[in-house]
1. Please report, as a whole percent, how much of the solvent-accessible surface of the chain comes from carbon and sulfur atoms (probe radius 1.4 Å).
2. Under 13 Å between alpha carbons, and skipping anything fewer than 8 positions from LYS65 in its own chain: which aspartates and glutamates qualify?
3. Report, for the chain, the % of DSSP beta bridges that are antiparallel, rounded to 5.
4. Accessible surface of HIS50 in the full protein assembly, 1.4 angstrom probe, to the nearest 10 Å²?
5. So for the chain, what percent of the C-alpha to C-alpha distances run longer than 22 Å?
6. Could you state the angle between the C-alpha long axis of helix 29-46 and the longest principal axis of the C-alpha atoms of the chain, as a value from 0 to 90 degrees rounded to the nearest 10?
7. What aspartates and glutamates does LYS79 reach when the alpha-carbon gap must be under 17 Å and sequence neighbours fewer than 8 apart in one chain are set aside?
8. Sorted by accessible area with a 1.4 angstrom probe, largest first, how do MET84, MET1 fall?
Amino acid sequence: MNYDLKIRQEASKEFSNAFVWYEEQQSGLGDVFETAIRRKLNQISRNPYHYKADYNQFHQALTEKFPFLIVYIIDENLKQITVMAIFHTSRNPNKRFRK
């Protein structure tokens, strides 16, 4: 069973900024980044409990090929995943957990 995905505005902005940055580095790299994020979101949607939960029930899934964590929470009642952050791993780790 797939869970519904909801992406917070802040996470969407983080994704957009990273996409633009990668595209500026090399044409087409933004598309590769987007594919990696979408692939990981699909995996999360299919099996959200596969990835560990840390502080305050935040789950974290590391993307492949790019140093980004997708931070999310699960609402079991609604069968919904809310993506809280698409977080570059070099940033202050305390900022990845926010509601």
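The values are calculated or read from the model by the stated rules, or taken from the named source; none is laboratory data. Everything numeric in this text was worked out from a predicted model, so none of it was measured. Calculation scope for accessible area: heavy atoms of the full protein, side chains included, ligands and nucleic acids excluded. Shrake-Rupley method; radii C 1.70, N 1.55, O 1.52, S 1.80 Å.
1. It is 47 percent, rounded to a whole number.
2. Partners within reach: ASP31, GLU34.
3. Once the DSSP bridges in the chain are tallied, antiparallel ones form about 75 percent.
4. Accessible area of HIS50: about 120 Å².
5. That fraction is 24 percent.
6. Long axis of 29-46 versus the principal axis of the chain: about 10 degrees.
7. Partners within reach: ASP4.
8. Descending accessible area places them as MET1, MET84.
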